[in-house]
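The values are calculated or read from the model by the stated rules, or taken from the named source; none is laboratory data. It should be emphasised that the depicted structure is a prediction, and the values quoted were computed from it without experimental measurement. All Cβ positions, even for glycine, are placed from backbone atoms using ideal geometry, and neighbour counts span all protein chains on display.
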């Protein structure tokens, strides 16, 4: 029997029982819609989070003091590990494929200027920070490339801090007191927005050596390295490791490449997406059971017809394929309906709640339809086999 | 030449603890182009005989040669092929597929045989004309009268140009007049060379056949071709 004819007969059987078929395929449709909707939200969140991380550039490598066995970003808590020094940062600048290196000394301090006081995050860095983090200066200039050990007491404000202290006044050239030290304001950064709830603009950048003085630290919290775009992070990370081991005598530091971090994060988010997809899959399972039920009923109802088909010269395989085709037609049509439903709902959510990121990749759509069809096949196997094994004499007698 | 050659056919059913001998030691030969009526009371084995002839059932013992070929040893797929090409069935209850139109019902055996739709359409058109169903081509079975339904069923049985037509009480669900029409149709087919085997309760219908077989308790009680005396 020709495949087109098998399909046509199967679809005729589906359309002959409109209401029943519709209700059956609705079960699959709801399941597919749930899977598409949930995975769309999962994938949207995935992309949103990765976007947050890549706003700093994608080829950033961080070195933190102390050796940790697992990956992840350093906690920023003081540790007893041997610190990384400003000289270590200096030494890394000369490595091949390294574009810029900045030490990073972090701390929280009270800032006073223009008669106002505010607690804010202080970063001790060097002139290369805008290169590493892709930040831009809005007015004035960033810290000058002074000698690391004797950098002048200049400060560059984050846009939020500038607004809080100076409002619309021009802060350039004004004095600012941070902790017990005095600084002169030489620049204001362009707004960067938030990163995972942390306001990146409520900051002040001072030379690393001044921050060490301010927070009474010997080393740096982190060294950030920007590698050339297109160079594998792993290659650069290996060179950094060799250089630092040569300097320290052993591996008492941790290198985290952003590539590696993003990969880990991406994996976690993928698992999340799959998990919510699996939740939707439960309703798909229920839809599959609906198909088994209705196909079992169809085989019982059409026993006489099956006997007739045998008498007319149908092979067992043909009868099997006819009933399988019917189950697959039900699930495939249900799947398409579910895709429309899920995609439509995702779009509605996207418009109603722009804050909730939603994204439906084509691969999910194809995968969902593939799953729908496989469920139809699985659901159809038992009833179709029963149909194909009927004794034609008995089958013809039943009517 | 014998179209059908049955030798020592036995058919035993197991019903619970008891074994039922539906057919015992049956020997029968039917020639090409014959018109045979199989008669007998209920339970005499005539339906079992028809199912065996139609390869819907297998004998417990004995051999069945159709067109000089032993068909009992064929694989199920090969038997399906024989049913498709050589045998046409006509049933008492018509057995039309309710959701298909008359034309589609007639085309069904060709669909199953994998004949492309263009050839199907021309053959169905000819069959509709031959059986006076042109006006009913797009009607579903529930929109047809009993006589029309049986004509559709006969058109379907003959569309593959079989050598043998097996009719099980073809007039059982029809009134006298339409029943006669159907019988004339079948007889016309027989006249064109198709072998016709009719199972019936109806003595009048049985008497029209050129050869009568009377079954009783699973064996051939009387064969008019070898009439005693």
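Points to keep in mind about this one:
- Yes/no for residue B:106 being within 12 Å of chain A (Cβ to nearest Cβ), without any contact (Cβ under 8 Å) to a residue 60 or more places away in the chain and under 28 Å from residue B:209 (Cα atoms): yes
- Residue within region B:119-128 that is surrounded by fewer than 18 Cβ atoms within 10 Å (Cβ to Cβ), within 10 Å of another protein chain (Cβ to nearest Cβ) and at negative phi present: no
- Selected residue [modelled with pLDDT under 90, surrounded by fewer than 18 Cβ atoms within 10 Å (Cβ to Cβ) and over 29 Å from residue B:49 (Cβ atoms)] from A:356, A:378, A:367: A:356
- When residues of region B:170-187 are limited to those that are over 15 Å from the mean Cα position of the chain (by Cα) and assigned to a helix (DSSP H, G or I), the one surrounded by the most Cβ atoms within 10 Å (Cβ to Cβ): B:179
- Residue in region A:25-35 that is at pLDDT 90 or above and over 31 Å from the mean Cα position of the chain (by Cα) present: yes
- Of A:288, A:280, all but one fail to be buried (at least 17 other Cβ atoms within 10 Å of the Cβ) and either closer than 30 Å to residue B:53 by Cβ or at pLDDT below 90 (or both); the exception is A:280.
- A single member of A:326, A:301 is over 24 Å from residue B:86 (Cβ atoms), within 14 Å of chain B (Cβ to nearest Cβ) and free of Cβ contacts under 8 Å to residues at least 60 places away in the same chain, and it is A:301.
- Meets criteria (away from chain B (no Cβ under 14 Å), buried (at least 20 other Cβ atoms within 10 Å of the Cβ) and assigned to a helix (DSSP H, G or I)) for residue A:63: no
- Restricting attention to region B:58-71, the residues that are more than 17 Å from residue B:84 (Cβ to Cβ), in contact with a helix residue (DSSP H, G or I) (Cβ under 7 Å, 6 or more places away or on another chain) and either within 14 Å of another protein chain (Cβ to nearest Cβ) or without any contact (Cβ under 8 Å) to a residue 40 or more places away in the chain (or both) total 1.
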